[in-house]
Amino acid sequence: MNYKILIVDDETILTELLANHLQDHGYMVSIANSSDEALAKLNIKPNLILLDINMSGMDGLELCKVIRNHIVCPILFLTARITEQDKFNGLQAGGDDYITKPFSLQELTARIEAHLRRDERNKRPPEVMTSQGLIINLSNRKVFWNEQELSFSKREFDIIEFLSSNSNQVFDKERIYEAIWGYDAEGDSNVIKEHIRKIRAKLMEVSGSEYIETVWGMGYRWKK
């Protein structure tokens, strides 16, 4: 994957140096030398932003707050500031890390790679979930109890995946129906009750435990 990096700094010599270095490492790089230019370039949907704090006009902290209304990618501050209060202010503004000037290009590259890896892991849904002895393989759409594979229909597995991925949250049958069948589906949400009855019976038979709890008057939840 060719990651896109946006460099925001009013020092043109520095931005050109960083851009050339990062392009040599395979990154797609865009440069902004002002806050207005940075906001205009958010439409490239960067995977990571390098943001200088001490810019003229809107400084990096204020710009970071604005960016956070639109972008969730890692933001790394480039700054000469070093105090604990500065670091606190940066993190409060929505930044993810500090790189103190002067810095080595090797350190910068390592930090960028680390944050991109972490961000990629956070975005990737877990392939396997465990719950009270159950193993729920989301990628293979299979459920196991003590190495025994349990048989569930497509809709039953969809319900298991939805509830277990949102454990301890209560959903009424209408919300579950919308999540599984879709908002435009034509049907009756009462089918949820029957599907959950079958799921409970299959899980109870092998485990002797209740995984899906009825919250009377509200709906169902997966017990964590």
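The values are calculated or read from the model by the stated rules, or taken from the named source; none is laboratory data. Everything quoted here is computed from the prediction, not taken from an experiment. Cβ placement follows ideal geometry from the backbone for every residue including glycine, while neighbour counts extend to all protein chains displayed. Only protein heavy atoms, including side chains, enter the accessible area calculation; ligands, DNA and RNA are left aside. Shrake-Rupley method; radii C 1.70, N 1.55, O 1.52, S 1.80 Å.
For the reader, a short list of remarks on this structure follows.
- Some residue of segment 108-129 being farther than 15 Å from G60 by Cβ, in contact (Cβ under 8 Å) with a residue 24 or more places away in the chain, in contact with a His (Cβ under 8 Å, 6 or more places away or on another chain) and not aliphatic (A, V, I, L, M): yes
- Count of residues meeting criterion [part of a helix (DSSP H, G or I) and open to solvent by 60 Å² or more (accessible area, probe 1.4 Å)] in segment 1-33: 7
- Considering segment 34-102, the qualifying helices (runs of 4 or more DSSP H), each wholly inside and each with 2 or more residues that are exposed (fewer than 14 other Cβ atoms within 10 Å of the Cβ), run over 35-40, 84-93.
- Subset of segment 175-201 (residues that are in contact with an Asp or Glu (Cβ under 9 Å, 6 or more places away or on another chain) and more than 16 Å from L163 (Cα to Cα)): A185
- If you check E147, E156, E161 for being without any contact (Cβ under 8 Å) to a residue 60 or more places away in the chain and more than 13 Å from I212 (Cβ to Cβ), only one passes: E147.
- If you go through segment 80-116 and keep only what is of a type in the set (A, V, I, L, M), in contact with a Leu (Cβ under 9 Å, 6 or more places away or on another chain) and under 27 Å from N2 (Cα atoms), you end up with I99, L105, L108, I112, L116.
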